[in-house]
Amino acid sequence: MFGISVFLVILLVLVIVLIISGLYVVKQQTVAIIERFGKYQRTSTSGINFKIPFGIDVIAARIQLRLLQSEIVVETKTQDNVFVTMNVATQYRVNEQNVIDAYYKLMHPEAQIKSYIEDALLPLKFKNKWQRKCQLTATSLSKP
């Protein structure tokens, strides 16, 4: 009788440890990507969730759904050989429907956003603005 009760207590403790090791919390405005043996299993939303413990299910990433801001310094050369440095602040967020694509298809999202902004600003030529500014300065200097 004593051996059965000890066995039941040990079994109960193991079941409790098993359940507690599988629980995890996902914060508000965050999602967790769960992988089973390296393969995508599911996306967990905010609240208390359960995963199979002992490395079978793993939290691969926690992705913010909030609006994030990144400041980028872009330096470009105009047609009249003037270097212009611009501070560009970008705001971005991940849509909840596109979380899987954002995690598995983008390697370094901030670097990719910076590259995209640099490519978008590169063809901008400030020649017309600089010419107008120089003309206004020249006309104001030439007037007595």
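Every test in (1) more than 24 Å from Glu35 (Cβ to Cβ); (2) in a helix (DSSP H, G or I) is passed by Val73 save one, and that test is (2). Of the residues screened, Ile4 is one that is out of contact with any Lys or Arg (no Cβ under 7 Å at 6 or more places or on another chain), modelled with pLDDT under 90 and either farther than 22 Å from Ile113 by Cβ or not aliphatic (A, V, I, L, M) (or both).
Taken over the stretch 79-97, residues that are outside any strand (DSSP E or B), open to solvent by 70 Å² or more (accessible area, probe 1.4 Å) and either among the hydrophobic types (A, V, I, L, M, F, W, C) or farther than 14 Å from Gln29 by Cα (or both) amount to 2.
Per the conditions (1) at pLDDT 85 or above; (2) closer than 20 Å to Ile117 by Cβ; (3) charged (D, E, K, R), the sole criterion not satisfied by Arg36 is (2). Out of the residues in the stretch 2-41 that are more than 17 Å from the chain's Cα centre (by Cα) and at positive phi, state the one that is surrounded by the most Cβ atoms within 10 Å (Cβ to Cβ). Going through the qualifying residues, I end up with Phe37.
This table checks each residue for (1) of a type in the set (A, V, I, L, M, F, W, C); (2) surrounded by 13 or more Cβ atoms within 10 Å (Cβ to Cβ); (3) modelled with pLDDT of 80 or more; (4) in contact with a His (Cβ under 8 Å, 6 or more places away or on another chain).
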position: Gly55; (1), (2), (3), (4): no, no, yes, no
position: Gln64; (1), (2), (3), (4): no, no, yes, no
position: Lys77; (1), (2), (3), (4): no, no, no, no
position: His108; (1), (2), (3), (4): no, no, yes, no
position: Leu121; (1), (2), (3), (4): yes, yes, no, no
position: Lys127; (1), (2), (3), (4): no, no, no, no
position: Trp130; (1), (2), (3), (4): yes, yes, no, no
position: Thr137; (1), (2), (3), (4): no, no, no, no
position: Leu141; (1), (2), (3), (4): yes, no, no, no
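The values are calculated or read from the model by the stated rules, or taken from the named source; none is laboratory data. No experiment lies behind these values; they were computed from the predicted model shown. Positions of Cβ are generated from backbone atoms using ideal geometry, with glycine treated the same way; all protein chains shown enter the neighbour counts. Accessible surface is based on the protein model in full, side chains and every heavy atom, while ligands, DNA and RNA are left aside. Shrake-Rupley method; radii C 1.70, N 1.55, O 1.52, S 1.80 Å.
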